[in-house]
Amino acid sequence: FNVDIMEAIAKEINETVEFKPMKWHDAVEALKNESIDALFMAKHKERLQYFDFSQPILDLKLAIFVKNNVYGIATIYDLAGHTVAVEKGDISFVILKQEVPDAIIIAVENQSMAIDLVEDGDAKAFFGNYYTGLYLIGKKGYKDLKIIGEEINIGKRCIAVKKGNIALL
């Protein structure tokens with residue numbers, strides 16, 4: 001959806017957009033050093049020092065994904081003491097690290113790798129994007145994974161630009 005939204009915006013203002021596929025944490029660094037111009041991300045207080053944000057575009061929800069036989073986890077706080085796979089640099093990584101310092105975090109390159117760790121039994125849970133997680137479960141054909149507890153609405157997804165680049169924003 002990020003590509004579709006960005007293409008629609010570019011068309012509306014009669015501009016072209018070049019997309020550069022890259023790992024999430026590399027994309028965040030590329031935006032910081034202005035190797036790229038814009039990136040969709042959640043507006044979070046830790047990011048305000050580096051980026052300016054557009055008006056909200058889409059609600060962003062996080063969820064906890066576990067094997068079907070796991071019970072007793074209702075909130076991220078219940079992840080304390082458990083191995084939790086997250087995407088390095090993703091907002092889920094930031095929130096889990098801040099809110100549950102006792103979680104044993106396994107930071108991986110992308111959410112696909114994170115959900116694989118749960119499927120393979122190398123992590124108790126995957127904490128990440130609700131929609132991406134559901135998509136990956138379906139794409140990979142994982143039948144024994146579920147969302148446990150309540151989804152966490154962390155706010156809106158925005159377009160971020162390097163701090164001070166208001167003209168582009």
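The values are calculated or read from the model by the stated rules, or taken from the named source; none is laboratory data. What you see is a predicted model, and the numbers here were worked out from it, not measured in a lab. Virtual Cβ from ideal backbone geometry, glycine too; neighbours counted across all protein chains shown. Just so you know, the surface numbers come from the protein's heavy atoms only, side chains and all, with ligands and any DNA or RNA stripped out. Shrake-Rupley method; radii C 1.70, N 1.55, O 1.52, S 1.80 Å.
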Report summary line: Under a 1.4 Å probe, counting only protein heavy atoms, residue 142 has an accessible area in Å², nearest 10, of 40
Query raised in the report: Around residue 117, with a cut-off of 15 angstrom between Cβ atoms, what is the net charge of the other residues, counting Lys and Arg +1 and Asp and Glu -1?
Result: -4
Query - Estimated FRET transfer efficiency (residue 102, residue 25; beta-carbon r; R0 30 Å; 0.05) - result: 0.80
Query raised in the report: Given 127, 115, 49, which one lies farthest toward the positive end of the charge dipole of the stretch 41-131, if we put +1 on the Cβ of every Lys and Arg and -1 on the Cβ of every Asp and Glu?
Result: 49
Report summary line: Rounded to the nearest whole number, the per residue volume of the convex hull around the C-alpha atoms of the stretch 1-68 in Å³ is 138
Report task. Kindly work out what percent of the DSSP beta bridges joining two residues of the chain are antiparallel, to the nearest 5. Result -> 75
Query raised in the report: So which of 20/67; 20/97; 43/124; 23/61; 45/88 end up more than 26 Å apart by C-alpha?
Result: 20/67; 20/97; 43/124
Report summary line: Counting only protein heavy atoms with a 1.4 Å probe and every protein chain in place, the carbon and sulfur fraction of the accessible surface of the chain in whole percent equals 51
Query - Accessible solvent surface per residue of the chain, calculated while the other protein chains remain in place, 1.4 angstrom probe, Å² - result: 55
Report summary line: Taking Cα atoms only, Rg over Rh for the chain with Rh from the Kirkwood formula is 0.99
Query raised in the report: Can you pull the Rg over Rh of the stretch 84-155, Cα-only, Kirkwood?
Result: 0.93
Query - Cα lying deepest toward the dipole's positive end in the chain, options 152, 169, 65, charges on Cβ - result: 152
Report task. Run the 1.4 Å probe and let me know the accessible area of residue 120, rounded to the nearest 10 Å². Result -> 100
